[in-house]
Amino acid sequence: MKEIHSESTDRLFRAILNLSSVDECYDLFEDLCTIKEIKDMSQRLEVAFLLSEGCSYQKVSELTSVSSATISRVKRCLDYGSGGYAKAIKGLKK
């Protein structure tokens, strides 16, 4: 997704990297995103985490109430994406 690379996107990501606590992340994301956007992003990361732990689509759907289309999209990113989910999950497991 090279089309998202820009100076303003770099600034956004640097701002996120400069935050030092979960509370600071809540503050920024509550200002930056709608509640639905935050929930959608956190839900996708949870789906990626569960899939990486070997959960079936059915189990992921039961645990998250996410549609099979979203689960499939996240799985496709895990398998063929840029590795962002894997890096984030690895960091969370530390």
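Every number here is computed from the coordinates shown, using simple stated rules; none is lab data. Computed from a predicted structure; not experimentally measured. Virtual Cβ from ideal backbone geometry, glycine too; neighbours counted across all protein chains shown.
Some points to look at:
- Under 14 Å from the HIS5 label point (7 Å along Cα→beta-carbon), backbone N, the range 67-94: 82
- Our estimate of slack between LEU28 and ALA69, defined as 0.36 nm per intervening residue step minus the Cα-Cα distance, is 11.9 nm.
- Candidate membrane-span-like segments in the chain, meaning DSSP H helices with Cα atoms spread over at least 18 Å of their own axis and a Kyte-Doolittle mean of -1.0 or above, are 35-52, with no membrane implied.
- Summed side-chain charge close to GLU30 - residues other than GLU30 whose Cβ falls under 13 Å, Lys, Arg +1, Asp, Glu -1: -3
- Per residue, the Cα convex hull of the chain amounts to 121 Å³.
- Listed peptides 18-29, 52-63, 70-81, 3-14 appear in the order 70-81, 52-63, 18-29, 3-14 once ranked by packing, highest mean of other Cβ atoms within 10 Å at the front.
- The charge dipole of the chain, taken about its Cα centre with unit charges on the Cβ of Lys, Arg, Asp and Glu (plus for the first two, minus for the last two), comes to roughly 520 debye.
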